[in-house]
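Structure first, commentary second.
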Amino acid sequence: MRYGHFDDERREYVITRPDTPLPWINYLGCQDFLALVSNTGGGYAFYKDARLRRLTRYRYNAVPPDQGSRFLYLRDDERTGSSPECWSPTWQPLRRPLDAYECRHGLGYTRIQSRCSGIESGVQFFVPLGEDLEIWLVALTNHRSRQARLSLFGAVEFCLWDAWDDATNFQRNLSLGEVEVEPGVVYHKTEYRERRDHFAYFACSEPTVGFDTQRSAFLGPYRGWDAPLAVEAGSLSNSIASGWYPMAAHHVRLTLDPGERKELVFLLGFKENPPDGKFDPADSHVLNKRGVRPVLDRFLQVSECRLALSDLAAHWHDLLSGLQATTPEPHVNRMVNIWTAYQAIVTFNLSRSASYFDTGIGRGMGFRDASQDLLGCVHMIPERARERLLDLAATQLEDGGAYHQYQPLTKRGNNDIGAGFNDDPLWLVVATAAYLKETADWSILDHPVPFDSQPGTESPLYEHLRRAVQFTLNRLGPHGLPLIGRADWNDCLNLNTFSSTPGQSFQTAPVGEGRIAESVFISGLFLLAASEMCAIALHAGRSTDSEVLEAASRAMREAIWAAGWDGEWFRRAYDSVGAPIGSRQCSEGQIFIEPQGMCVMAGLGIDDGRARMALDSVAARLATPDGIVLHAPAYRSYHLNLGEISSYPPGYKENGAVFCHTNPWIMIAEARLGRGDAALDYYLRINPSAREDKSDLHRCEPYVYAQMIAGKESPSQGEAKNSWLTGAAAWNLVAVTQWILGIRPTYDGLEVAPVMPSGWGGFEAVRRFRGATYHVHVTRIGAGNDLQLEIDNQPVDGTVVAPAGPGAEVQVVVKVGALAE
Ligand code: GLC
Ligand code: GLC
């Protein structure tokens, strides 16, 4: 069953009924001002940091869910008597049945179109490029045969900035709220008198007949957003908030002739003033609004909003045109060309901070998460990737280790969500390698970067990378494999935690010294990072560094074959007493996906058949129609020595769910073995578009990946959770474009080495790379994966196309398969 359909032409997903299984959301904003918007106008907005600069409130665990923060109400002022007719053009919060409803989630905007009692309304939500504000462009059309007299109310509920504090600290907060009001504009300035330099504002382009800024005045006693008294009564009371719950509501009265259409704008903005220019006049407590006035003058005009919308469309068109493919598989085309690229950028912007599952008050930017997210969008936003690499490196510790996260507003690392994940630093190397291969911007290696954000500790980025790799080598365990620390990529494989306190966070609980527990996964990741580091070192003229790393890599390979191989697959780890995890000796957790993917990606066993054995074991033991589960059998009871992984019921989350992040590692591994059919098959099992027909089972949005899909041992196999912010976007994009389509940047140029599924006759792709445009035409001429390349009609050896220089257009013709004799 479906709840809508894709409109590939317009790059939109069209939701055709408002009661989707879960709110199906989208993101607005490209950089500083960001917002979530659902298919019924829910969500919230913030500036840079979803916790520390929250503009609008979101109610966690609310029933019904997803009310807020874009409240629009229409009231038919013609109706008299005891039952006024009111509805929400976005369905929520009033939820009055609509005669027509359609929501189009597009790239950086959402448009909700509906019709009720002869009045058509369209609302388009978006954030103009480079602006710290959100626009609601509203159009109303009267399809009645008579004149319509309507009241339109637009409202937001302000959050008192720190969203965590806002949800917990009522004894203080309910005495703080302050606003200022000018005709058509409500300014929210709680705490501005003291230490804040920023305020929010909500404005309307039309003359208003009333406003409210105190929530209780607008809603009335014991009423919610789904039954505001003021809307029912058809008039606002011009309330001025002092403490309690500051909000902003505007009331516009409209008279529409038959067929008449009217457009207007609501605008929610954020403004930061210089500390010495907060007030106007300077000796008053009145907000300095000088910076806001030109913004209002501009964006309260419909024509300016339209221009901003076309700029936004051009922006996304340009980003996505960096890589477009036309293959025989529509789910590949749609996801590669539109949605996964889009999701990769959204995830890059937000890491795991703010979704409908990540509250925005828990996590900031994860070190390993942000590093991996970069892999999916470095080709679209190289400058921002550069900045991100430098930000991440600046939080690195002097011993090469890393904070697990940093807060986006301050860019400083902290241990709020845990510390001691021994894989973290290696991901910085993997991410930097991707950046260098894409851009050849070797200058970044010399860029001075501090450790732990401490001025005076600056060293070249190269030194940070060197220490990141050395960090692993300084922490080897009894088998010569890397010590795991608190956990590795799998946050929940906590082999040194032994938590027996109810409710204690495994991620922040005290962690033992951990000199025994080792991770085979980190050993594979180390090999991958070390081989990149060798190439980087050679390029930087540091041949000694590369020799040292080559020797260390040889030793690591030996350690893996000696202690990390279980006979038919790679083991996962050793626990704190040296017992293997992910071995046939175990009764549960016999085989894990992560080391099979990572070790084969690092090249292990490709030449001697052991990689094939490992992947065949994955197919036999872990693969399901809904994707490849993390491990099997799942843990049925809680194991003190394993930690959080065994705290989840079997088949959920890290205990044996399909983690969409890890499946692409197997796709890449399969491609490395030349098995394109298997790679594509795995890709399609979790591809959201390919699961669209099962929307009532899958339940999350069919246009983006979710972190997990419930595994075969859960009662709800196939149900997705935690959509949007997941490394699944970046890795799936990398797997399908770089390894199945085979178009991947290398240090020396653009490699084109497809591992095509046997049923494909070929494909076409356009890839921008270091300023040139490559037109790739692939045709199958026989079975197998043999490749013959022609560049601009000249046959060439190998599969790497040398960089062509800015502006060049390069034709790359690839013939796949052996010529029939
Ligand atoms: C979450 C975390 C990620 C981790 C994964 C597996 O997605 O954001 O860092 O690797 O879970 O535990
Ligand atoms: C929990 C989640 C995991 C996440 C971690 C860190 O352990 O299961 O996915 O990475 O929290 O917040």
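The values are calculated or read from the model by the stated rules, or taken from the named source; none is laboratory data. Quantities reported herein were computed from a predicted structural model and do not represent experimental measurements. Counting neighbours? That spans all protein chains shown, and the Cβs are built from the backbone with ideal geometry, glycine included. SASA here: full protein model, heavy atoms, side chains in, ligands and nucleic acids out. Shrake-Rupley method; radii C 1.70, N 1.55, O 1.52, S 1.80 Å.
Conditions tested, residue by residue: (1) within 16 Å of ligand 1 (Cβ to nearest atom); (2) surrounded by fewer than 19 Cβ atoms within 10 Å (Cβ to Cβ); (3) under 20 Å from Glu438 (Cα atoms).
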residue	(1), (2), (3)
Thr326	no, yes, no
Met335	no, no, no
Ala341	no, no, yes
Thr359	yes, yes, no
Val378	no, no, yes
Ile381	no, no, yes
Arg386	no, no, yes
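Would you mind stating whether Phe521 is open to solvent by less than 20 Å² (accessible area, probe 1.4 Å), outside any loop (DSSP other than H, G, I, E, B), touching an Asp or Glu at 6+ places or on another chain (Cβ under 8 Å) and within 16 Å of ligand 2 (Cβ to nearest atom)? Quick ask: steps written out before the conclusion?
Details: open to solvent by less than 20 Å² (accessible area, probe 1.4 Å): yes; outside any loop (DSSP other than H, G, I, E, B): yes; touching an Asp or Glu at 6+ places or on another chain (Cβ under 8 Å): yes; within 16 Å of ligand 2 (Cβ to nearest atom): yes.
Considered against the rule, which asks whether it is open to solvent by less than 20 Å² (accessible area, probe 1.4 Å), outside any loop (DSSP other than H, G, I, E, B), touching an Asp or Glu at 6+ places or on another chain (Cβ under 8 Å) and within 16 Å of ligand 2 (Cβ to nearest atom), Phe521 comes out as yes.
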Applying the selection to the stretch 591-609, what residues are in contact with a strand residue (DSSP E or B) (Cβ under 7 Å, 6 or more places away or on another chain) and not hydrophobic (A, V, I, L, M, F, W, C)? Pro595, Gln596
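Can you tell me which of Ser459, Ser443 is over 30 Å from Arg768 (Cβ atoms), free of Cβ contacts under 8 Å to residues at least 12 places away in the same chain and more than 16 Å from ligand 2 (Cβ to nearest atom)?
Details: Ser443 fails: over 30 Å from Arg768 (Cβ atoms).
Being over 30 Å from Arg768 (Cβ atoms), free of Cβ contacts under 8 Å to residues at least 12 places away in the same chain and more than 16 Å from ligand 2 (Cβ to nearest atom) holds for just one of Ser459, Ser443, which is Ser459.
Scan the stretch 233-241 and give yes if some residue there is among the aliphatic types (A, V, I, L, M), assigned to a loop (DSSP other than H, G, I, E, B), within 30 Å of Arg146 (Cβ to Cβ) and open to solvent by less than 60 Å² (accessible area, probe 1.4 Å), otherwise no. If you could, list the steps in order and put the result at the bottom.
The initial filter retains those residues of the stretch 233-241 that are among the aliphatic types (A, V, I, L, M), namely 233, 236, 240-241.
Cutting the leftovers down to assigned to a loop (DSSP other than H, G, I, E, B) gives us 236, 240-241.
Restricting the remaining residues to those that are within 30 Å of Arg146 (Cβ to Cβ) gives 236.
With the extra rule that they be open to solvent by less than 60 Å² (accessible area, probe 1.4 Å), the set shrinks to 236.
Scanning the stretch 233-241 turns up at least one residue that is among the aliphatic types (A, V, I, L, M), assigned to a loop (DSSP other than H, G, I, E, B), within 30 Å of Arg146 (Cβ to Cβ) and open to solvent by less than 60 Å² (accessible area, probe 1.4 Å).
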Restricting the search to the stretch 128-155, which residues are hydrophobic (A, V, I, L, M, F, W, C) and in contact with a Cys (Cβ under 7 Å, 6 or more places away or on another chain)? Leu129, Ile135, Leu137
Considering only the stretch 388-418, state which residues are open to solvent by less than 30 Å² (accessible area, probe 1.4 Å) and among the hydrophobic types (A, V, I, L, M, F, W, C). Leu389, Leu390, Leu392, Ala393, Ala394, Ala402
Enumerated strands (runs of 3 or more DSSP E) restricted to the stretch 121-182, each holding at least 2 residues that are small (Gly, Ala, Ser) and either at pLDDT 95 or above or crowded, with 18+ Cβ neighbours inside 10 Å (or both): 148-161
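For (1) among the aliphatic types (A, V, I, L, M); (2) within 30 Å of Gly376 (Cα to Cα), each residue gets a yes or a no:
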site: Phe266; (1), (2): no, no
site: Glu272; (1), (2): no, no
site: Pro281; (1), (2): no, no
site: Gln301; (1), (2): no, no
site: Leu307; (1), (2): yes, yes
site: Ser310; (1), (2): no, yes
site: Ala314; (1), (2): yes, yes
site: Leu319; (1), (2): yes, yes
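This table checks each residue for (1) over 20 Å from the mean Cα position of the chain (by Cα); (2) among the β-branched types (Val, Ile, Thr); (3) open to solvent by 10 Å² or more (accessible area, probe 1.4 Å).
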{"site": "Lys48", "(1), (2), (3)": "no, no, yes"}
{"site": "Tyr58", "(1), (2), (3)": "no, no, yes"}
{"site": "Leu74", "(1), (2), (3)": "yes, no, no"}
{"site": "Asp77", "(1), (2), (3)": "yes, no, yes"}
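Which count do you get for residues in the stretch 209-232 that are assigned to a helix (DSSP H, G or I) and free of Cβ contacts under 8 Å to residues at least 24 places away in the same chain?
Of the residues in the stretch 209-232, the ones assigned to a helix (DSSP H, G or I) are 215-219, 229-232.
From what is left, the residues that are free of Cβ contacts under 8 Å to residues at least 24 places away in the same chain are 217, 219, 229.
Residues flagged as assigned to a helix (DSSP H, G or I) and free of Cβ contacts under 8 Å to residues at least 24 places away in the same chain within the stretch 209-232 amount to 3.
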Any residue at all in the stretch 62-72 that is over 19 Å from Arg17 (Cα atoms), open to solvent by less than 10 Å² (accessible area, probe 1.4 Å), touching a strand residue (DSSP E or B) at 6+ places or on another chain (Cβ under 6 Å) and not aromatic (Phe, Trp, Tyr)? yes
May I ask you to verify whether Leu604 is over 21 Å from Val736 (Cβ atoms), among the aliphatic types (A, V, I, L, M), more than 16 Å from ligand 2 (Cβ to nearest atom) and open to solvent by less than 10 Å² (accessible area, probe 1.4 Å)? yes
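Please work out if Gln113 is within 25 Å of Leu309 (Cα to Cα) and either surrounded by 21 or more Cβ atoms within 10 Å (Cβ to Cβ) or in contact with a His (Cβ under 8 Å, 6 or more places away or on another chain) (or both). Walk me through it before giving the result.
Values: within 25 Å of Leu309 (Cα to Cα): yes; either surrounded by 21 or more Cβ atoms within 10 Å (Cβ to Cβ) or in contact with a His (Cβ under 8 Å, 6 or more places away or on another chain) (or both): no.
The answer is no for Gln113.
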Being touching a Gly at 6+ places or on another chain (Cβ under 8 Å) and part of a strand (DSSP E or B) is the filter here; which residues of the stretch 399-413 pass it? Gln405, Tyr406
Residue list for the stretch 242-291, restricted to those being assigned to a strand (DSSP E or B) and closer than 21 Å to Leu229 by Cα: Ser242, Pro246, Met247, Ala248, Ala249, His250, His251, Val252, Arg253, Leu254
Within the stretch 423-448, residues being open to solvent by 20 Å² or more (accessible area, probe 1.4 Å), in a loop (DSSP other than H, G, I, E, B) and either of a type in the set (D, E, K, R) or touching a helix residue (DSSP H, G or I) at 6+ places or on another chain (Cβ under 8 Å) (or both) number 2
Can you find even one residue in the stretch 323-335 that is of a type in the set (A, V, I, L, M, F, W, C), within 24 Å of Ala35 (Cα to Cα) and part of a helix (DSSP H, G or I)? yes
Got at least one residue in the stretch 337-359 being in contact with a Ser or Thr (Cβ under 6 Å, 6 or more places away or on another chain) and either more than 22 Å from Trp489 (Cβ to Cβ) or away from ligand 2 (no atom under 14 Å from the Cβ) (or both)? no
Whether any residue in the stretch 472-487 is of a type in the set (S, T, N, Q), in a loop (DSSP other than H, G, I, E, B) and either on the phi > 0 side of the Ramachandran plot or open to solvent by 10 Å² or more (accessible area, probe 1.4 Å) (or both) is what I want to check. yes
Among the candidates Glu206, Glu191, residue that is under 24 Å from Phe125 (Cβ atoms), open to solvent by 10 Å² or more (accessible area, probe 1.4 Å) and in a loop (DSSP other than H, G, I, E, B): Glu206
Select, from Glu558, Glu513, the only residue that is acidic (Asp, Glu) and under 30 Å from Glu644 (Cα atoms). Glu513
Yes/no for Val265 being in contact with a Pro (Cβ under 8 Å, 6 or more places away or on another chain), at pLDDT 95 or above and buried (at least 18 other Cβ atoms within 10 Å of the Cβ): no
From the list Ile484, Ile536, Ile522, which one is within 16 Å of ligand 1 (Cβ to nearest atom) and within 30 Å of Pro382 (Cβ to Cβ)? Ile522
Options Asp391, Asp318; residue that is charged (D, E, K, R), in contact with a Lys or Arg (Cβ under 8 Å, 6 or more places away or on another chain) and modelled with pLDDT of 95 or more: Asp391
Return yes when Arg780 is open to solvent by 10 Å² or more (accessible area, probe 1.4 Å) and either at pLDDT below 95 or more than 34 Å from the chain's Cα centre (by Cα) (or both) and no when it is not. yes
